[in-house]
Structure formats: structure tokens, C-alpha cells
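Q: Below: one structure in C-alpha cells.
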Amino acid sequence: MRRTSRETQESARRITRRGLILGGGQLVFAGVLALRMRHMQVDQADEFRLLAEENRINIRLIPPARGRIFDREGRVIAENEQTYRITLTREDAGDVGTVIQRLGQLVELDEGDLNRALAEMERTPPFFPVTVADRVTWEDISRVAVNAPALPGVTTEVGLSRFYPGRDLYAHVAGYVGPVSERDLSRYEDPPPVLRIPRFQIGKVGVEANYEQELRGSAGAKRVEVNAVGRVMRELDRREGVAGADLQLTVDTALQDYVQARLGPDSASVVVMDLEHGDLLAIASSPSYDPNKFVRGISVKDYGELRDNDHRPLASKTVQDAYPPGSTFKMVTALAAMDAGLMAPDDTVWCPGHLEVGGRKFHCWKRVGHGHMNLEQSLRESCDVYYYDLALKVGIERIAAMARKLGMGESHDIPMSAVTSGLVPDKAWKLRERGADWVIGDSVNASIGQGFVLASPLQLAVMSARIATGRAITPRLVKSVDGVEAARPAAGDLGLNPNHLLQVRRAMFAVSNHRHGTAYRSRIVAEGLRMAGKTGTSQVRNITAAERARGVTSNDDLPWDRRDHALFVNFAPFDNPRIAVSVVVEHGGGGSAVAAPIARDVTLQALYGEDPPLEAYPTADRRRVKALQERLARERDGRRAGGSDSA
């Protein structure tokens, strides 16, 4: 049907209006777009130029080389070794499962490490390389390189990792490092960026942890160009980091090695102190463990064995554990009594085998008693009743004050983990901690190092050092930092009467050198090297009246963990003291039978600087000592060979 002229004109007008509206809208949109483009290109040009540059250039940190740790003679305790690792980039690999299967045919992959790597891949960008095998051999690297075309996304890298060549020798002293954990990061309000570097290692325990800042060094940096998705295109420049400071400790590796071998599998500890500056020449806990396992990532099985071992190889017994000091504490009580003017060295006390106080019998270790005892005799034969009687005269406050003066009840400032302050109890302590008044029986127990009194092997060595010198010697473990000598703690006079100290030293000399001395069988016969010491045996269980009536059960007939602790402290040579030694053997039994022989052997080793001649030992002991020296030499050679294999 033909349209009329009027209809044609009306249709044209409608089309024109629609075109004008549409064109106007387009014009407005183009105008807004132009204004926006002008604003971005002109007004915001500098801002977007900066953002573009930052997206194109990334700054990435380079981990610094960790400072090394040496002994007093410059022997390596902790160092860095070059290690090889294999990484996988998910984006380049394509089918990750297939690539890992091929890689597993060339290199042995740990299942635990592989599972952790796969989990990490899920959390990180696809272009980020993830370590699937660490500390692999050069042969593994070679096989991967030869088969590179069949392993897309797989690359090999070289890095540094901590290594302890002595293995278990310094585990409790140097400690170990490990990867940064969330717990480590939580200690910082604003964690240093270097801690965010993948697989970065920091000190976890021991010297490694306490000197973390010095050992860590400063990170370097490199500028890399990345594309729009963050993949590295090229490296533009780099600034290497500053290596951490090297530490030199006061310990002597040869002596530490001997001590560790001498302790063997026993749950025990030894501290050897130099008496000139307080340097710790050896500080060993047994049994020990290999810290390299923690650096590499210890397995659940290995950690479980360490954790569940009743001899507690993870514990730094020398500083972390506190024991009843037993009879090694008697010098404290004697000095407190003489200092207060309540006892003269020649005063005697009658020992019938016990002392009755407040209706309770406190027994001497010698059931039939010692008879009349003066100071020298009481220390020489370790009479308990003599010190019970002193406690009644002196009181706990004076005893506690003397103990603190001799270095007990104090957490000595050395860079090891969990250094205990031990316990020197007094009336205020018991009221505060136990909510009870001090009773006279508490003083009687404390006088022989039982009851509430606790001391670490380190504190016992400090006590011996102060008695030997009359000076307030404090222990030192770090000799220098980056070649700069560490401060030597001041060792002022203790303010004790020199004659009182001389009397106690002579009594300690009799312990080791008089025929009736409790450590006579463990004496040193070499002229000019004789030692002065004190045995100790501390109970870990109560002995009932019924048991005493039928006879106290022998340690050999008790379960291991209910036997007495064996202790010994000494200094040598007597005429010119150079070293102080403390020994604690957990549940070892008698101090004279177990701890004293160890202390004597360690003392001679420290004084000679090598295996001492047999002439330094009593004639009756030389055959046994020769066999012992030969066995320990074989064990030390085996340890060194094992350390070389680990390297």
C-alpha cells in the first residue's frame, strides 16, 4: 500500500529526532571521555608514570652470608656450605604431576618435602619457583641438566646453608638455625624484610639465637625487570649484602671433644672454667644430638626419638637444669659460719650418725657416725651432722647470702638458651612461693645442699672458681666478635676473709689427697698438678624410717630415675689454681665413685692440653686409665671421621 506524502514527512521527522538524540548522546560520551583522558594524561601524568615504573622494576633482596663461629683456637664450629637445590615453576611445567614423575626417576625425592612443595605451589603465583628437592648432590644436578628438555619448568640453583662439622659436639652451645616460621615473625612488630626471603635461616637456640643480629648480616638487593604478570625478564643491577660477623668462642674443641667422649651415653654434664678471665673452656651435656638434622628439616621419627629419650638429649643440662647440689654445698655453709664468727676451723662436733631436731632425726650418710669432726675432717669425709649443727647456729639467711656471693641463685649472662638461676631459698622465698613459714628442718636440709636448694653445673663451677681465687669470677663464652675482643667481666675481691678461704681450700685438698678423703681414689699424683675437690651425692627420693630400719636400698637395686645424682667440683692445681671443674651425672649414684673419676680425667686433660701421661695417675689406676684413653681415642677418631663424612 502506497504511503501518502504526509506519512512520509512524519516518518522522516521521527528518524531525525532519534538521530539527533543518539548523536547528542554520543557527543556527550565522547566529551566526557576526552575530559577524562585529558585529566589522566595531563593532570595525573606523573603519578601514572611512577606507577608504570614500579610495575616494571622490582627490587628483590639477596640473603647475606651468615657469620661463622669458631673456637678459641680458630677451629670451625659453624660454617656455611654451598648447597644445590631443584626448583619447579608451575606455569612453565604444564602438567606438574608428569614433570615430578620424570624428576623422581632421576633424583630421589623425599615424600614429606614433596608434599610441602605441592602445598606451597597452591599458595604462590604460578610463575614463582618452588623448591622440590634441597641439598641434592652434584651428580643429581648433572642428571637434571642432561634431561632438561624433558623437564619443563625445572631449574637448579646454588645457595648457602648452615653446617656444623662437629655434629653433636656443640649442639647445646652453638645451637642451630632453621627456616623462619610464623612464630619467629610474630616476635616482631614490623618483621625485617630479609626474614621474608624463602628458606631464609635464623638462629633458633644457643649462640645462634642469642647473637642472631650480629650473625645475620645485611641483605643485598637486585633490581629486576618484570612483565605485566610479574615474571622476571632480566636483571638490571645488584648490590651484594654484607656478611654477618664472625664469632670466636672461649671453648676449646679438643677439650670439648674429650669431655663429650668421656661422658659417653650417660645423662651428665661437665663445665670447665679458666680462672684468669672466667673463660668457659668446655661446657658439655650428654647425650647430645646432631644439629644438622634441624637445619635440613628433622623428620618426625628423629625428633620423636630425641623428645622421648629419658636422658633428654635436647636439654642443655649445664645451664638449663638445676639439681640439689648435695655435699658440694657444704663449703657454702662452712664459709657462712666462719664469716659470722660462729665457728672456728678447729671446733669439733660429735657425729653419732644422726642429729635430732624438733623431734625428727636427720641422718648422716654414715650410719654409725664419724665421731668428733672438725672443719677439715667434716669436708674430707663428708660428715652431714657437722653441717646440721652449723645450720642451727648460722641460720638460713646467712647461708643464703653466702651462696649468692659464691655465684648461686643467679642466671649468669652467657648466650645459651634457658639459663637457669637455680634456687637459693630463704624465709621470704618460702612464704612467697609456698605460703608457709620457714622451719628449722628446712635450714638443716639446706646446709647439705638438699631440701629446696638447687644449682646448675655452671653455678657449681663458678662457686669452685670463686673459692679457689677469692674473686667474683663470672663465666664468659664469647671471646671476640668480628675480631674485636669481647668485654671481660670484672672480677673484684669477694670480701671474704683470706684465712677462711684457705681453710676451706685445704679441706678440699684433703678430700682428694688424704687417705680418708672421699675422692682419694680419684686423686692426681703428678707434682704441681694436685687438685682440691668435693664429692656430692644428692637424693631424688625420700627415704622412709622403715627403709632405714631394714637398710637403705642400694642405688643399683633402684630404677634408674630414682637413683641419686652424682656430683663433683674441684679446682687445680692446688698451689696455683688455673681451672675449675664441675661434674653432674644424673642418677649416677655416688659422687666419689662416678663423678670424681670423670672430673679427675677432665682436669688432667685440660691441664696437659692432651692425653696426660700415665704417671699422673695413681699406680693402681694406670692400667684401667690406659685402656680408657685408648677407647676414647678410637671414639674421638670415629667422631671426627663421621664429621668429615657429613661434610
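Q: State all residues of segment 460-469 that are within 25 Å of the chain's Cα centre (by Cα) and either hydrophobic (A, V, I, L, M, F, W, C) or part of a loop (DSSP other than H, G, I, E, B) (or both); if no residue qualifies, say none. Quick ask: steps written out before the conclusion?
A: Restricting attention to segment 460-469, the residues satisfying the condition of being within 25 Å of the chain's Cα centre (by Cα) are 460-465.
Correct list: L460, A461, V462, M463, A465.
Q: Within segment 501-520, which residues are in contact (Cβ under 8 Å) with a residue 12 or more places away in the chain and surrounded by fewer than 16 Cβ atoms within 10 Å (Cβ to Cβ)? Don't jump to the end; show me each part of the working.
A: Of segment 501-520, the ones in contact (Cβ under 8 Å) with a residue 12 or more places away in the chain are 501, 503-514, 516-519.
Answer for segment 501-520, where residues must be in contact (Cβ under 8 Å) with a residue 12 or more places away in the chain and surrounded by fewer than 16 Cβ atoms within 10 Å (Cβ to Cβ): just H516.
Q: Of the residues K301, K293, which is closer than 27 Å to N80 by Cβ and assigned to a helix (DSSP H, G or I)?
A: Working: K301 fails: closer than 27 Å to N80 by Cβ.
Exactly one residue qualifies, and that residue is K293.
Q: Scan segment 136-167 residue by residue and report those that are under 22 Å from the mean Cα position of the chain (by Cα) and part of a loop (DSSP other than H, G, I, E, B).
A: Within segment 136-167, Y164, P165, G166 meet the criteria.
Q: Select from segment 482-500 the residues that are in contact with a Ser or Thr (Cβ under 9 Å, 6 or more places away or on another chain) and surrounded by 12 or more Cβ atoms within 10 Å (Cβ to Cβ) and write down the one among them that is farthest from R66 (Cα to Cα).
A: Of the residues in segment 482-500, the ones in contact with a Ser or Thr (Cβ under 9 Å, 6 or more places away or on another chain) are 486, 489-491, 494.
Keeping just the survivors that are surrounded by 12 or more Cβ atoms within 10 Å (Cβ to Cβ) gives 486, 489, 491, 494.
Working: A486: 20, P489: 27, A491: 33, L494: 41 Å.
Among them, the one singled out is L494.
Yes or no, residue by residue, for (1) under 27 Å from V205 (Cα atoms); (2) modelled with pLDDT under 80; (3) in contact with a strand residue (DSSP E or B) (Cβ under 9 Å, 6 or more places away or on another chain):
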residue: R85; (1), (2), (3): yes, no, yes
residue: D95; (1), (2), (3): no, no, no
residue: V99; (1), (2), (3): no, no, yes
residue: A145; (1), (2), (3): no, no, yes
residue: V154; (1), (2), (3): no, no, yes
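Q: Counting residues that are more than 29 Å from S286 (Cα to Cα) and not assigned by TED's automatic domain parsing to the domain that holds G175, which helices (runs of 4 or more DSSP H) fully inside segment 305-400 reach at least 3? Give the steps one after another, and end with the answer.
A: Working: elements: 317-320, 330-339, 375-380, 384-394.
Where helices (runs of 4 or more DSSP H) fall fully within segment 305-400 and carry at least 3 residues being more than 29 Å from S286 (Cα to Cα) and not assigned by TED's automatic domain parsing to the domain that holds G175, they are 330-339, 375-380, 384-394.
Q: Another one. Name the pairs: first residue in segment 618-632 and in the same structural domain as V525 (by TED's automatic domain parsing), second residue surrounded by 11 or more Cβ atoms within 10 Å (Cβ to Cβ) and among the polar types (S, T, N, Q), Cβ to Cβ under 9 Å, at least 6 apart or on different chains?
A: Listed pairs, sorted by first residue: P618/S522; D621/S522.
Q: Here is a follow-up. Consider only pairs whose beta carbons are under 6 Å apart and that are at least six residues apart or on different chains; among these, list those whose first residue lies in segment 302-330 and is buried (at least 17 other Cβ atoms within 10 Å of the Cβ) and whose second residue is basic (K, R) and not in a helix (DSSP H, G or I).
A: What qualifies is T328/K534.
Q: If you check L406 against the conditions, is it surrounded by fewer than 23 Cβ atoms within 10 Å (Cβ to Cβ) and at negative phi? Please lay out each step first, then the result.
A: Working: surrounded by fewer than 23 Cβ atoms within 10 Å (Cβ to Cβ): no; at negative phi: yes.
Answer is no for this residue.
Q: Within segment 344-368, how many residues are closer than 14 Å to C383 by Cβ and among the aliphatic types (A, V, I, L, M)? Full working, then the answer.
A: We begin by selecting, within segment 344-368, every residue closer than 14 Å to C383 by Cβ; these are 347-355, 362-368.
From what's left, among the aliphatic types (A, V, I, L, M): 349, 355, 368.
Counting residues in segment 344-368 that are closer than 14 Å to C383 by Cβ and among the aliphatic types (A, V, I, L, M) gives 3.
Q: Which residue pairs have Cβ atoms closer than 6 Å, lie 6 or more positions apart in sequence or on different chains, and pair a first residue in segment 268-295 that is under 15 Å from D257 (Cβ atoms) and surrounded by fewer than 22 Cβ atoms within 10 Å (Cβ to Cβ) with a second residue that is modelled with pLDDT under 95 and hydroxyl-bearing (S, T, Y)?
A: Pairs that qualify, where the first residue is under 15 Å from D257 (Cβ atoms) and surrounded by fewer than 22 Cβ atoms within 10 Å (Cβ to Cβ) and the partner is modelled with pLDDT under 95 and hydroxyl-bearing (S, T, Y): there are none.
Q: Could I ask something else about it? Counting only residues that are closer than 30 Å to S288 by Cβ, of a type in the set (S, T, N, Q) and not in a strand (DSSP E or B), which one in segment 168-227 is farthest from the chain's Cα centre (by Cα)? Give the steps one after another, and end with the answer.
A: Step one: list which residues in segment 168-227 are closer than 30 Å to S288 by Cβ, which gives 168-187, 195, 199-217.
In the following step, the residues that additionally are of a type in the set (S, T, N, Q) were identified as 181, 186, 201, 210, 213.
With not in a strand (DSSP E or B) added as a condition, the list becomes 181, 186, 210, 213.
Numbers: S181: 18, S186: 21, N210: 9, Q213: 16 Å.
Per the stated criteria, the residue is S186.
Q: Quick one: which residue in G441, G451 is touching a residue at least 12 places away in the same chain (Cβ under 8 Å), in a loop (DSSP other than H, G, I, E, B) and in the same structural domain as T474 (by TED's automatic domain parsing)?
A: Being touching a residue at least 12 places away in the same chain (Cβ under 8 Å), in a loop (DSSP other than H, G, I, E, B) and in the same structural domain as T474 (by TED's automatic domain parsing) holds for just one of G441, G451, which is G451.
Condition check ((1) part of a helix (DSSP H, G or I); (2) touching a residue at least 60 places away in the same chain (Cβ under 8 Å); (3) surrounded by fewer than 16 Cβ atoms within 10 Å (Cβ to Cβ)) across all residues:
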| residue | (1), (2), (3) |
| --- | --- |
| I414 | no, yes, no |
| V419 | no, yes, no |
| A428 | yes, no, yes |
| E433 | yes, no, yes |
| A436 | no, no, yes |
| L458 | yes, yes, no |
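Q: Does any residue of segment 257-264 turn out to be aliphatic (A, V, I, L, M) and without any contact (Cβ under 8 Å) to a residue 60 or more places away in the chain? Don't jump to the end; show me each part of the working.
A: Applying the first criterion (aliphatic (A, V, I, L, M)) to segment 257-264 yields 259, 261, 263.
Now restrict to residues that are without any contact (Cβ under 8 Å) to a residue 60 or more places away in the chain: none.
Among the residues of segment 257-264, not one is aliphatic (A, V, I, L, M) and without any contact (Cβ under 8 Å) to a residue 60 or more places away in the chain, which makes the answer no.
Q: Determine if segment 626-644 includes at least one residue that is of a type in the set (A, V, I, L, M), at pLDDT 95 or above, within 25 Å of A461 (Cα to Cα) and in contact with a Lys or Arg (Cβ under 7 Å, 6 or more places away or on another chain). Reasoning before the result, please.
A: Start the filter on segment 626-644 by keeping residues that are of a type in the set (A, V, I, L, M), which leaves 627-628, 632-633, 641.
Now narrow it down to the ones that are at pLDDT 95 or above: none.
Checked against the condition, which is being of a type in the set (A, V, I, L, M), at pLDDT 95 or above, within 25 Å of A461 (Cα to Cα) and in contact with a Lys or Arg (Cβ under 7 Å, 6 or more places away or on another chain), segment 626-644 yields no hits at all.
Q: Which of the residues that make up segment 573-588 are more than 27 Å from the chain's Cα centre (by Cα) and either in contact (Cβ under 8 Å) with a residue 60 or more places away in the chain or surrounded by 18 or more Cβ atoms within 10 Å (Cβ to Cβ) (or both)? Break it down into steps so the answer makes sense when it comes.
A: Of segment 573-588, the ones more than 27 Å from the chain's Cα centre (by Cα) are 573-577.
Matches in segment 573-588: P573, F574, P577.
Q: Could you check how many residues of segment 504-539 are closer than 20 Å to A337 by Cα and among the charged types (D, E, K, R)?
A: Qualifying residue count for the region: 3.
Q: Looking only at segment 138-153, decide whether some residue is among the basic types (K, R), in the same structural domain as L88 (by TED's automatic domain parsing) and under 30 Å from P313 (Cα atoms). Walk me through how you get there before you give the answer.
A: Initially, segment 138-153 is screened for residues among the basic types (K, R), giving 143.
Remaining after also requiring in the same structural domain as L88 (by TED's automatic domain parsing): 143.
The next check asks that each one be under 30 Å from P313 (Cα atoms); those that pass are none.
The answer is no, given that none of the residues of segment 138-153 is among the basic types (K, R), in the same structural domain as L88 (by TED's automatic domain parsing) and under 30 Å from P313 (Cα atoms).
Q: Looking for something in contact with a Pro (Cβ under 8 Å, 6 or more places away or on another chain), not aliphatic (A, V, I, L, M) and not in a loop (DSSP other than H, G, I, E, B) - is there at least one such residue anywhere in segment 480-496?
A: Checked segment 480-496: no residue is in contact with a Pro (Cβ under 8 Å, 6 or more places away or on another chain), not aliphatic (A, V, I, L, M) and not in a loop (DSSP other than H, G, I, E, B).
Q: I would also like to ask the following. Tell me whether segment 363-384 contains one or more residues that are over 18 Å from K534 (Cβ atoms) and of a type in the set (G, A, S).
A: Step one: list which residues in segment 363-384 are over 18 Å from K534 (Cβ atoms), which gives 363, 367-369, 371-372.
Next cut, of a type in the set (G, A, S) only: 369, 371.
Checked against the condition, which is being over 18 Å from K534 (Cβ atoms) and of a type in the set (G, A, S), segment 363-384 yields at least one hit.
Q: Identify the single condition in (1) closer than 30 Å to G203 by Cα; (2) touching a strand residue (DSSP E or B) at 6+ places or on another chain (Cβ under 7 Å) that G407 does not satisfy, given that it satisfies every other one.
A: Tallying (1) closer than 30 Å to G203 by Cα; (2) touching a strand residue (DSSP E or B) at 6+ places or on another chain (Cβ under 7 Å), G407 fails exactly one: (2).
Q: Right, next: Of the numbered conditions (1) acidic (D, E); (2) surrounded by fewer than 18 Cβ atoms within 10 Å (Cβ to Cβ); (3) closer than 18 Å to T318 by Cα, D557 satisfies every one except a single condition; which is it?
A: (3)
The values are calculated or read from the model by the stated rules, or taken from the named source; none is laboratory data. Keep in mind the model is a prediction, meaning the values are calculated, not measured. FYI the Cβ positions are ideal-geometry reconstructions off the backbone, even for glycines, and counts take in every protein chain you see.
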